[in-house]
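Here is the structure we will look at.
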Amino acid sequence: MNRILIAEDEPRIAAFLEKGLRSHGFLTAVAVDADSATQIALGSDFDLLILDLGLPGKDGLEVLKELRRQCEKVQVIILTARNDIQDIVTGFEAGADDYLTKPFRFEELLVRVKVRLRNSTPTKNKEEILLKAGDVVLDLRTRKVTVGEETVELPAREFTLAETFFRHPGQVMSREQLLDRVWGYDYDPGSNIVDVYIGYLRKKLGSDLLETVRGVGYRLRT
């Protein structure tokens, strides 16, 4: 499931984008100023950034330049009211993958998002498609899970949580990290939603697969 960061300080537009993208199966998070956009984009595994250039703090182009200095893989679509040809050229020169001006139609933005994500998806070999831990196998292509010879059904959020652990075997993941990666800042950090979903995975994948590290978080046993 692709994760999209929306860097937009206008609440109405941010809410509109979140609602639309989530209805099409994307996980989203919102940054309302330049500093938080930079911090979140560099500190989390997002696939795409929708970037407004008129962010509080500093110009969105500075966010883009900093992101490109440290990370090339994240796709960036600039979504801005700046429609001058020189602004568009400057945006692409700074490292944007696409440029869309406001006002905009959501349908057009959605098509551009899908194209950018499709173009950024590398061809994977069989080993990269299958993630394994013990007798549990996650197939990233079909999103099927097998435990031994048995196929287990995982809803989207449970699969994403399992995938997060399987990509970081042996690494302790805090509740805050899991909320960020799986729920995209949707929940209060004090919520017990992570613990609830860990319980779901233990019932379906094996009670010993995910280890509790008291006072810190959880990790996948290797």
| task | Could you grab the pairs with beta carbons closer than 6 Å, sequence gap of 6+ or different chains, first residue in region 74-85 and over 20 Å from Leu48 (Cβ atoms) and open to solvent by 20 Å² or more (accessible area, probe 1.4 Å), second one in a strand (DSSP E or B) and at pLDDT 90 or above? | result | Asn83/Thr101
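Is it the case, given these coordinates, that Ile6 is closer than 29 Å to Phe159 by Cβ, at pLDDT 95 or above, buried (at least 19 other Cβ atoms within 10 Å of the Cβ) and not hydroxyl-bearing (Ser, Thr, Tyr)?
So Ile6 fits the description; yes.
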| task | Could you list, in sequence order, all residues of region 47-73 that are of a type in the set (Val, Ile, Thr) and surrounded by fewer than 23 Cβ atoms within 10 Å (Cβ to Cβ)? | result | none
| Odd one out for Asp135 among (1) loosely packed, with under 13 Cβ neighbours inside 10 Å; (2) over 19 Å from the mean Cα position of the chain (by Cα) | (1)
| query | So Tyr185 fits all but one of (1) of a type in the set (Phe, Trp, Tyr); (2) at pLDDT below 90; (3) open to solvent by 50 Å² or more (accessible area, probe 1.4 Å); (4) on the phi < 0 side of the Ramachandran plot; what number is the exception? | reply | (4)
| request: Find the helices (runs of 4 or more DSSP H) located wholly in region 38-123 whose residues include 2 or more that are under 20 Å from Glu18 (Cβ atoms) and not aliphatic (A, V, I, L, M), and list them. | output: 106-120
| said: Just to check your reading of the model, which residue among Ser44, Ser36 is touching a residue at least 60 places away in the same chain (Cβ under 8 Å) and open to solvent by less than 70 Å² (accessible area, probe 1.4 Å)? | reply: Ser44
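The values are calculated or read from the model by the stated rules, or taken from the named source; none is laboratory data. A quick note: this is a predicted structure, and the numbers were derived from the prediction, not measured. Cβ: placed from backbone, ideal geometry, glycine included. Neighbour counts: every protein chain shown. Surface areas here come from the heavy atoms of the whole protein model, side chains and all, with no ligands, DNA or RNA. Shrake-Rupley method; radii C 1.70, N 1.55, O 1.52, S 1.80 Å.
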